[in-house]
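Everything on this sheet refers to the single structure shown next.
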Amino acid sequence: MEETFLDRRKIRTMEKDLREVNGETIYPKEDESVDLSSFSFNGPKTNYEPAIIQNEEAEQIPVPEIPVPEVEETTTFENIELPIDEEEPTVEEVNEEEEEEEEEELEEYSDTLPSAIDLGLEDKEEEVEEEENILEKELPIVEEKTVEEVNEEEEILKTIAERTFDAENGLKMIENEKEPFEKRKEEIKEEMDNIRKKIEFIIEKKDVIESDKKAIEEKEAKTEDPNEKRNVEKERWKVEDKIKELEHEIYDKEDQLKSLDLQLKECELNSEKILVREKELNEELEILRRDKEVIILTQAKKDLQERLEPLEKEIEAIKKEMFDNTKQQDKAERNLAAIASKETSTEEEIRVVERRQSETNDENVLRGLTQRRINLEDKRRELEKERWDTEDKMGDFDFRRKMIKEKYQEVASQAKQIRIEIFAIEDKINK
């Protein structure tokens, strides 16, 4: 039997069949025929061959004309137009745009990075409650010294050592000079105390004799016998002589006191001169010690700041590293959100195409929809791979963030301790 191919260009068909090829749902109209050679199918190329009719003679197959009442078109699942693939920016283009944005942000923060708390390097509850954070507090300026200044400082220290030695020897000599004066002062005071006690004893003795004198005078006033009165008067003379003798003795003792007092004042004057010299030497020693201490403390502060400088640079580098990590993490989070949105959109398209596949019987349309579904599934697969990569990166960012924070805390702890020592030295210098 001779095989004859159908001449599809002469087939009379409904407009609905033709329009459905383009994914549209159209009710048929009567008496329409279409030359399929003028129809261009935009779907994927296939190896589709015309159907072979086993009849000896090919006949034109009439298509029954079915009148369809006009009805208002309603929205059905078939009416949903599939989204047209728009040209989306490539990953490289997106990354370039984001890198440009990051460079602009880095330039903005080039002078001042966010604080350690804002970057998540320090916890708010761990922040020290003081006027200023020790890491943010401005350090005292230590000017770099020239070789001449260093040599001059060494000469000053040498001079201070020599003058300190002389002053300490001077103090030892003063101690030796003070000793005899202090000893003599104690002797004079002790002697004066003894004389005062003797004067008190003489005065008491004189008071007793004066009482005897009063008794004699009363007896004398009552005596009328001249001989007896004469004897009483002689007795009074003896008492008066004793009183005079005691009074002269008191005068002598008082003169001794005056002499000793003058000697004491002279000793005190000499001691005062020695004390003045001692005070001057002590003040000189204090100044020398202070000058030496300031030079040594200043050098210690300079050494600490030299140790601190690389730590602070490392802190800034760590903050920059955390800032970069945070920006990359934010970028990854935005990328995840974008991927999730694309996945949702792609899955919605796949569901639409699958529904259209289940509802169409046209082989060409079915093949086009199948290829469309395959393309969408490939796209979804690529999105899923991209999401996996991004999720892995997010885990890396979290781990890196933890490592950066631990590193920061270690370096910041060292820097804080050095800063505390520097400010303690500064307080000693300024006191």
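Points worth noting:
- Which listed residue, of Ile174, Ile209, is more than 30 Å from Cys267 (Cβ to Cβ) and either part of a helix (DSSP H, G or I) or touching a strand residue (DSSP E or B) at 6+ places or on another chain (Cβ under 9 Å) (or both): Ile209
- Filter pass, Ser345 being surrounded by fewer than 17 Cβ atoms within 10 Å (Cβ to Cβ), free of Cβ contacts under 8 Å to residues at least 60 places away in the same chain, out of contact with any helix residue (DSSP H, G or I) (no Cβ under 8 Å at 6 or more places or on another chain) and part of a helix (DSSP H, G or I): no
- Glu153 being outside any helix (DSSP H, G or I) and out of contact with any strand residue (DSSP E or B) (no Cβ under 8 Å at 6 or more places or on another chain): no
- Residue-level analysis places Gly368 outside the set of residues that are open to solvent by less than 50 Å² (accessible area, probe 1.4 Å), out of contact with any helix residue (DSSP H, G or I) (no Cβ under 9 Å at 6 or more places or on another chain) and farther than 30 Å from Ile295 by Cβ.
- Checked against (1) open to solvent by less than 100 Å² (accessible area, probe 1.4 Å); (2) over 60 Å from the mean Cα position of the chain (by Cα); (3) modelled with pLDDT of 90 or more, Asn169 passes all but a single condition, namely (2).
- Entry remark, the stretch 226-237: residues being open to solvent by 90 Å² or more (accessible area, probe 1.4 Å) and either among the charged types (D, E, K, R) or in contact with a Leu (Cβ under 8 Å, 6 or more places away or on another chain) (or both) number 2 in total.
- The residues of the stretch 308-323 that are of a type outside the set (Lys, Arg) and without any contact (Cβ under 8 Å) to a residue 60 or more places away in the chain, listed by number, are Glu309, Pro310, Ala317.
- For first residues located in the stretch 174-192 and farther than 25 Å from Lys258 by Cβ and open to solvent by less than 90 Å² (accessible area, probe 1.4 Å), partners that are in a helix (DSSP H, G or I) and not hydroxyl-bearing (Ser, Thr, Tyr) and lie 6+ apart or on another chain with Cβ distances below 8 Å form the pairs Ile174/Ile274; Ile174/Arg277; Ile174/Glu278; Ile174/Leu281; Glu177/Ile274; Lys178/Ile274; Lys178/Leu275; Lys178/Glu278.
- Tabulated pairs, the stretch 225-238, first in a helix (DSSP H, G or I), second hydrophobic (A, V, I, L, M, F, W, C), C-beta under 6 angstrom, 6+ apart or interchain: Glu235/Ile216; Arg236/Ile216
- Just one of the listed residues (Glu266, Glu245, Glu218, Glu240) is loosely packed, with under 15 Cβ neighbours inside 10 Å and under 30 Å from Phe181 (Cβ atoms), and it is Glu266.
- Selection count where residues are touching a residue at least 12 places away in the same chain (Cβ under 8 Å), over 13 Å from Leu308 (Cβ atoms) and open to solvent by 20 Å² or more (accessible area, probe 1.4 Å), scope the stretch 406-425: 2
- Exactly one residue out of Lys279, Lys301 is of a type outside the set (S, T, N, Q) and over 20 Å from Gln414 (Cα atoms): that is Lys279.
The values are calculated or read from the model by the stated rules, or taken from the named source; none is laboratory data. What you see is a predicted model; the values in this text were computed from it and never measured. Positions of Cβ are generated from backbone atoms using ideal geometry, with glycine treated the same way; all protein chains shown enter the neighbour counts. With ligands, DNA and RNA removed, areas are computed over all heavy atoms of the protein, side chains included. Shrake-Rupley method; radii C 1.70, N 1.55, O 1.52, S 1.80 Å.
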